[in-house]
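Okay, so here's the structure we're looking at.
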Amino acid sequence: MHLLVMLAGALLLTLVVSFPMALLPFVGVDITSRGMTLLLQAIVQPITFLIPVLYVLYRYYRDERREFCRADLSLGRWCQSGVGIVIVVLLAPFTDWITEWNNAWDLGLFGEVMRRVQDQTEGTLDTVMKTDSLGGMMVNMLVIALIPAVCEELFFRVGMQNLLERWMTGNYEGGKCRRYPSIWRHVAVWVTAMVFSLFHGEIFSFMPRFVMGLLLGYLYIYGNSIVVNVVAHFFNNALVVLMYWLSQCGVLSIDPEATMGFPALVTVSCTAASLILFYVTFNKRKKEVEGSNPDC
C-alpha cells in the first residue's frame, strides 16, 4: 500500500511538471539548450523523486524515520563510503565488458527504435557536458552528479527497496512474517535494481545500470546507511562528468562514451577483488541483518 502511494505520487508529479515543460517551446524557450536542460533537471528530479518519498516517510513512518532511512552519519559509515568508491572503481572493467555485450544486443525493430531514442538521449548529454570551464564543470557536478545521486537513492533505495523488503518479508505493522525473509530481501534488491535501470530508458545500457543498481542495493542493506549509497552513486556520476570535462579541455584524448576494452585478466581480477573487498568490509553487518529477522 505504501509503495503504491509513493509510485502514484511520483507518477502524478511527473505529469504535473510535464505539462508546463511541454508549453515552454510555444513561448519561445529552447528546452534543448544546455542552460535550460540543466535548470529543468535541477527542478524536476527533486519534485518527482523527493516529495513522494518524504510524504510516505512523514505520513506512515514518522516515529521511525531515522531507522527507516538508515540515516547513520557516523564516522564509520563515511569510512565505508570510501570502500564503496573503491568497489565502484574495481568494477569498472566488468561494467565496461558488460556494456559492450549489452550494446551488441539484436532486438529487431524494437531495438532500432530504442537505439534512436538512446542516441537522442546521448545527444542531449553531449550538449550538457560540452563545457571546458571550471564553473561549467562544477554546475554539472551539482546537477548531473549530486542531485541525481541524492534523489535517486532516496527514491529507489530508501523508498522502493525499503518498502518492497518490508512488504515481501512481512516486516510492517500488521504484516505476517513470511518464511525465508532473507531470500525476499534479495528479491527486493534485484527488483529495485531492475526498475532503477529501466527508469533511465536506455535498453542498450540496461545491464551496466542494473549491475550498479545491485551494488547500490546491497550497499544500502549491508552498509546500513544511505550515506554509503549517495557517496558511491555520486562518485560514479562525478567520474563521468570529470572525464567529459577533461576531454573538452584536451587533457584526455578519449571518447568518454566509448568502452575501454580492458583485458580479460584485468576484468576478472578486479571483479574478484571488488567482491572480496565487499565481503571483508560488510560481512559483519551481513550477519547482523540476516540474524535480525530469522526465518519464520
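Read-outs: derived from the displayed coordinates by stated rules, not from any lab. Owing to the predicted nature of the structure, the values given are computational and were not obtained by experimental measurement. Please note: Cβ atoms are built from the backbone with ideal geometry, for glycine as well, and neighbour counts cover all protein chains shown.
Springs between alpha-carbon atoms under 10 Å, Gaussian network over the chain: tell me which of Ala71, Ala188, Ala145 tops the mean-square fluctuations. Fluctuation is largest for Ala71. Across Leu265, Leu90, Leu13, mean-square fluctuation computed from a Gaussian network of the chain (C-alpha pairs under 10 Å connected) peaks at Leu265. Scattering from the chain was approximated by placing one identical point on each alpha carbon and applying the Debye formula without solvent; log10 I(q)/I(0) at 0.08, 0.10, 0.11, 0.16 1/Å stands at -0.38, -0.60, -0.73, -1.51. In terms of the Cα gyration tensor, with a ≥ b ≥ c the square roots of its eigenvalues, is the stretch 52-145 rounded because a/c is under 1.5, prolate because a/b exceeds b/c, or oblate? Note, shape of the stretch 52-145 comes out prolate. The phi-based Karplus calculation (6.51 cos²θ - 1.76 cosθ + 1.60; θ = phi - 60°) puts the 3J(HN,Hα) values of the stretch 227-243 at 4, 4, 5, 4, 5, 5, 5, 4, 4, 4, 5, 5, 4, 5, 4, 5, 5 Hz, whole numbers, x for Gly and Pro. Between Leu3 and Thr127, full extension at 0.36 nm per residue minus the direct alpha carbon distance yields a gain of 41.1 nm. Each residue of the stretch 119-233 gets 104 Å³ once the volume of the Cα convex hull is shared out per residue. Each residue of the stretch 195-205 was assigned a 3J(HN,Hα) from its phi angle through the Karplus curve 6.51 cos²θ - 1.76 cosθ + 1.60 (θ = phi - 60°); the sequence is 5, 4, 6, 4, 4, 6, x, 10, 4, 7, 10 Hz, with glycine and proline shown as x. Counting Lys and Arg as +1 and Asp and Glu as -1 over every other residue whose Cβ lies under 13 Å from the Cβ of Ser247, the net charge comes to -3.
Among Val241, Val128, Val17, the residue with the largest mean-square fluctuation in a Gaussian network model of the chain, with springs joining Cα atoms closer than 10 Å, is Val17.
In order along the stretch 143-158, phi translates into HN-Hα couplings of 7, 8, 9, 6, 4, x, 4, 5, 5, 5, 5, 5, 6, 7, 8, 5 Hz, rounded to whole numbers, per the Karplus curve 6.51 cos²θ - 1.76 cosθ + 1.60 with θ = phi - 60° and x for Gly and Pro. Other residues whose C-beta falls under 14 angstrom from the C-beta of Leu146 contribute a net charge of -2, scoring Lys and Arg +1 and Asp and Glu -1.
Which residues' amide hydrogens lie under 5 Å from the amide hydrogen of Asp72, considering only partners 5 or more residues apart or on another chain, with H built in the peptide plane? Residues meeting the amide H criterion: Ile226, Val227.
Note on Ile51/Val268: beta-carbon distance plugged into 1/(1 + (r/R0)^6) with R0 of 45 Å gives a FRET efficiency of 0.55.
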